[in-house]
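We did not get these values from a lab; they are worked out from the coordinates using the rules stated. From a predicted model like this one, the values you see are computed outputs, not experimental measurements. We place every Cβ from the backbone using ideal geometry, glycine too, and count neighbours over all the protein chains shown.
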Amino acid sequence: MMSKNQNRISWALKIMTALIMLQSLFFKFSAAPESIYIFSVLGMEPWGRIGIGTLELIASVLILIPSATATGAALAIGLMSGAIYLHLMRLGIVVQNDSGQLFAYACIVLLCSLALLYFHRTQFFLIITKLKKKLF
């Protein structure tokens, strides 16, 4: 059980994480030139852009649902780990003179998601236990 302060911190992290991911969806789903450029460089245009945008939408919604926060945070961790890796290995930290803003947002979402997963670790371990029982 989280304390009142931990609950407040958790909600602040949830809102910040979801807002950052949700605001990026406009660019992905509207086929903004920056998004097309990024996913073209990665060889993932258009399906990668749309698929990753959809996964970010799902992660954002799950993070805001109290009983699904751990699942959304785990999904966001995976997505942002991939984004950071691709920035470091293929795109560069600065993409089309953005001063590293996209990279910074990915780092912020990753850190917030890690903190959320820590706060909701009991929920996460319960999910893992249920999955193990179903699979084995």
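What translational D, rounded to a whole number of µm²/s, comes out for segment 4-135 from Stokes-Einstein when the hydrodynamic radius is the Kirkwood one over Cα pairs, at 37 °C and 0.692 mPa s? Kindly include the intermediate steps, with their values, before the conclusion.
Values: Rh = 15.3 Å.
Estimated via Stokes-Einstein, D reaches 214 µm²/s.
Determine the calculated [θ] at 222 nm for the chain from helices alone, applying -39500 (n - 2.57) to every DSSP H run no shorter than 4 residues and normalising by the residue count; nearest 500 deg cm²/dmol.
On the way: 6 runs with 105 residues, N = 136.
The helix contribution divided over the chain gives -26000 deg cm²/dmol.
Just to confirm a number: summing +1 for Lys and Arg and -1 for Asp and Glu over residues other than Arg49 whose beta-carbon lies under 11 angstrom from that of Arg49, what do you get?
-2
Work out the charge dipole of segment 39-136 with +1 on the Cβ of Lys and Arg and -1 on the Cβ of Asp and Glu about the Cα centre, then indicate which of Gln101, Gly82, Pro66 is farthest towards its positive end.
Most positive-ward Cα: Pro66.
Work through the residues other than Ala115 whose Cβ is under 15 Å from its Cβ and net out their charges, Lys, Arg +1 and Asp, Glu -1.
Values: positive: Arg8, Lys14, Arg121; negative: none.
After counting each charged neighbour, the total is +3.
Going by average Cβ density within 10 Å per residue, which order do the peptides 87-97, 36-46, 63-73, 18-28 take, highest to lowest?
Numbers: 87-97: 13.1, 36-46: 15.2, 63-73: 19.5, 18-28: 17.6.
Most protected by this proxy first, the peptides run 63-73, 18-28, 36-46, 87-97.
What number comes out for the charge environment of Phe27, summing +1 per Lys or Arg and -1 per Asp or Glu over other residues with Cβ under 15 Å away? Could you put the intermediate results ahead of the total?
Numbers: positive: Lys28, Arg49; negative: Glu34, Glu45, Glu56, Asp98.
Local charge sum for Phe27: -2.
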